[in-house]
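The values are calculated or read from the model by the stated rules, or taken from the named source; none is laboratory data. As the structure is a prediction and not an experimental result, all values here were calculated from the model. Using ideal geometry, Cβ is built from the backbone for each residue, glycine included, and neighbour counts are taken over all protein chains shown. Calculation scope for accessible area: heavy atoms of the full protein, side chains included, ligands and nucleic acids excluded. Shrake-Rupley method; radii C 1.70, N 1.55, O 1.52, S 1.80 Å.
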Amino acid sequence: MVKNIYFADDKLVVLDQSRLPSEVVYLELSEPQQVAEAISKLKVRGAPLIGVTAAFGLALAISKYSGPSEGLKAYFYEVKEILAATRPTAVNLFWALKRMEGVFLAYYDDGFAELVKALKTEAAVMFAEDVATNEAIGEYGQALISRPSKVMTICNAGHLATCGYGTALGIIRSAAKKNKIEEVWALETRPVLQGARLTVWELMADNIPVSLITDNMAAYLMSKGEVDLIVVGADRLASNGDTANKIGTYALAVLANYHKIPFYVAAPLSTIDFTISNGSEIPIEQRDAKEVRQVMDTILTVADVKVFNPAFDVTPNSLITGIITEKGVLKPPFIEKILKLKDI
Ligand code: MRU
């Protein structure tokens with residue numbers, strides 16, 4: 001698969017996901033504002049990838065700092081704030097920035113060169129850890145599928161949303177290797193179409209059977225017995241297992257419950273917010289009205305119609321069959337099992 005992000009000649013190079021699948025274009029980012037813009041405009045997206053991109057952005061900004069040494073700490077926190085202000089729901093962003101802050105403070109007294117090296121190394125370690133995490137999630141998840149199955153998913157929780165392999169799509173990839181994927185139903189995922197533009201593109205590249213449906217076709221397929229399980233990614237889990245993910249996920253979970261179809265959430269530990277007890281505390285990002293009024297650049301409606309555009313919704317833990325992490329599959333009741341993972 002294509003690379004999502006990498007360092008080259010002291011620039012952060014990112015694949016512009018807003019232009020996929022029609023164009024494969026890379027952007028060279030050298031300033032923190034450019035990294036922040038790439039994240040907030042969904043050029044780089046998906047909770048794990050947002051976190052690691054911000055970590056690389058922070059390392060890059062510090063490596064280019066040329067002001068007085070007494071201003072370095074203030075600059076670090078200024079850049080951290082710029083990056084933290086990009087997207088409020090995906091907790092991996094704050095998790096990654098906090099991890100970088102720990103490294104910054106630990107190496108602050110060791111001299112500039114050592115500090116920069118440590119920050120770049122930490123971002124690279126996070127990248128590698130994320131790939132290994134997703135492979136583990138894939139392995140645990142595929143073991144839940146016993147026979148060739150039809151799997152439904154929403155948005156893109158794949159290679160493109162992570163540093164590689166994917167969470168929900170990682171499970172589908174691992175199951176496909178064992179010939180256990182008969183069909184993937186990919187919801188197009190309005191308003192920004194991550195399912196239609198990204199999930200379909202990445203599964204077809206891997207020769208995994210996939211059919212695109214519009215979001216309002218899910219219930220019909222379930223009623224016809226055409227869905228064996230649903231697997232989705234996550235942007236933030238509360239300690240009780242309530243899960244924020246792409247808008248429309250909650251509707252799928254309600255439908256799955258009615259039709260008695262297993263509904264799984266795939267998420268690395270970095271997506272769990274141990275500081276909140278339930279989903280009502282998860283901030284939900286509201287996005288630009290343009291995303292709803294338009295499909296890509298084409299206006300669909302009355303140009304100034306009022307719009308409601310939450311990017312995520314929260315699925316209550318009672319609708320979740322299992323949470324698939326890199327440490328194994330959690331079954332309900334979740335709270336004690338999640339809290340046990342806190343110290344890992
Ligand atoms: O707005 P996006 O495209 O960043 O939303 C992405 C999702 O909702 C994913 O399901 C989630 O981040 C998990 S990605 C492994």
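Sites listed here are GluC sites (Glu not before Pro) in region 19-56 whose DSSP assignment is loop and whose Cβ has at most 13 other Cβ atoms within 10 Å: Glu23. Against the chain, whose longest principal axis comes from its Cα atoms, helix 91-107 is set at around 30 degrees. Each Lys and Arg Cβ is given +1 and each Asp and Glu Cβ -1; about its Cα centre, region 146-339 then shows a dipole of about 500 debye.
Which value, in nm² and rounded to one decimal, describes the direction-averaged projected area of the C-alpha convex hull of the chain? Walk me through the numbers on the way to the answer.
On the way: hull surface 69.8 nm².
If I average the Cα hull's projected area over directions, I get 17.5 nm².
Simple rule: put +1 on each Lys or Arg Cβ and -1 on each Asp or Glu Cβ in region 5-134, find the dipole, and look at Leu105, Gly57, Asn92; the Cα lying farthest toward the positive end is Asn92.
What does the accessible area per residue of region 59-127 come to in Å², with a 1.4 Å probe and no ligands, DNA or RNA counted?
47 Å²
Reducing region 134-164 and region 233-300 to their Cα centroids gives an inter-centroid distance of 17 Å. The relative contact order of region 1-144 comes to 20 percent, based on Cα pairs under 8 Å that sit 6 or more residues apart.
Using Cα pairs under 8 angstrom and six or more residues apart, how large is the relative contact order of the chain, in percent? Relative contact order for the chain comes out at 16 percent. Here the relative contact order of region 88-228, from alpha carbon pairs under 8 Å that lie six or more residues apart, stands at 20 percent. Between Leu144 and any residue 5 or more places off or on another chain, the built amide H atoms are never under 5 Å apart. Entry for region 197-257 at q = 0.19 Å⁻¹: log10 I(q)/I(0) = -0.88, Debye formula applied to identical alpha-carbon scatterers, no solvent contribution. Taken over the alpha carbons of region 1-109 as equal point scatterers, the Debye sum produces base-10 log I(q)/I(0) values at 0.10, 0.12, 0.13, 0.16 Å⁻¹ of -0.27, -0.39, -0.46, -0.68. When all alpha carbon pairs of region 134-192 are counted in 10 Å bins from zero, the resulting P(r) reads 26, 53, 19, 1 %. Here the Karplus relation 6.51 cos²θ - 1.76 cosθ + 1.60, evaluated at θ = phi - 60°, turns the backbone of region 109-115 into coupling constants of 8, 8, x, 4, 4, 5, 4 Hz, with x for every Gly and Pro.
Less than 5 angstrom separates the built amide H of Arg287 from those of Asn309, Ala311, all sequence-distant by 5 or more or on a different chain. For the chain, carbon and sulfur atoms together expose 54% of the accessible surface, with a 1.4 angstrom probe and every protein chain in place.
In the chain, a dipole from Cβ-located charges (positive for Lys and Arg, negative for Asp and Glu) runs towards its positive end, and of Tyr75, Thr249, Val2 it is Thr249 whose Cα lies farthest in that direction. Cα-based values for region 146-339, radius of gyration first and Dmax second, are 16.3, 50 Å.
Couplings for region 160-167, taken from phi via the Karplus curve 6.51 cos²θ - 1.76 cosθ + 1.60 with θ = phi - 60°, read 5, 8, 9, 7, x, 6, x, 9 Hz in order; Gly and Pro are left as x. Taking the Cα centre of region 194-339 as the origin and placing charges on Cβ (Lys, Arg +1; Asp, Glu -1), which of Ala218, Ile284, Ala238 is farthest toward the positive end of the dipole? Result: Ala218, furthest along the dipole toward the positive end. Peptides 106-118, 177-189, 49-61, 223-235 ordered by packing proxy, namely the average of other Cβ atoms within 10 Å per residue, highest first: 49-61, 223-235, 177-189, 106-118.
By DSSP, the beta bridges lying fully in the chain are antiparallel in about 55 percent of cases.
If only the Cβ of Lys and Arg carry +1 and only the Cβ of Asp and Glu carry -1, the dipole of the chain around its Cα centre is close to 860 debye.
Phi angles of region 279-285 translate, via the Karplus equation with coefficients 6.51, -1.76, 1.60 and θ = phi - 60°, into HN-Hα couplings of x, 5, 8, 7, x, 9, 5 Hz per residue; Gly and Pro are given as x.
Estimated from helical segments only, the mean residue ellipticity of the chain at 222 nm is -11500 deg cm²/dmol, where each DSSP H run of four or more residues counts as -39500 (n - 2.57).
To the nearest ten degrees, helix 168-177 and the longest principal axis of the Cα atoms of the chain are 60 degrees apart. Reported to the nearest whole Å, the Cα centre-to-centre distance from region 1-52 to region 71-121 is 19. A simple charge model with +1 on the Cβ of Lys and Arg, -1 on the Cβ of Asp and Glu and nothing else charged puts the dipole of region 84-135 at about 220 debye relative to its Cα centre.
In nm², what is the average projected area of the convex hull enclosing the Cα atoms of region 80-129? Value for region 80-129: 3.7 nm².
To the nearest ten degrees, helix 249-259 and the longest principal axis of the Cα atoms of the chain are 30 degrees apart. Between Gly328, Gly166, Gly158, the residue with the greatest mean-square fluctuation in the GNM of the chain (Cα pairs under 10 Å linked by springs) is Gly328.
Among DSSP bridges having both ends in region 146-339, what percentage is antiparallel? Round to the nearest 5.
40 percent
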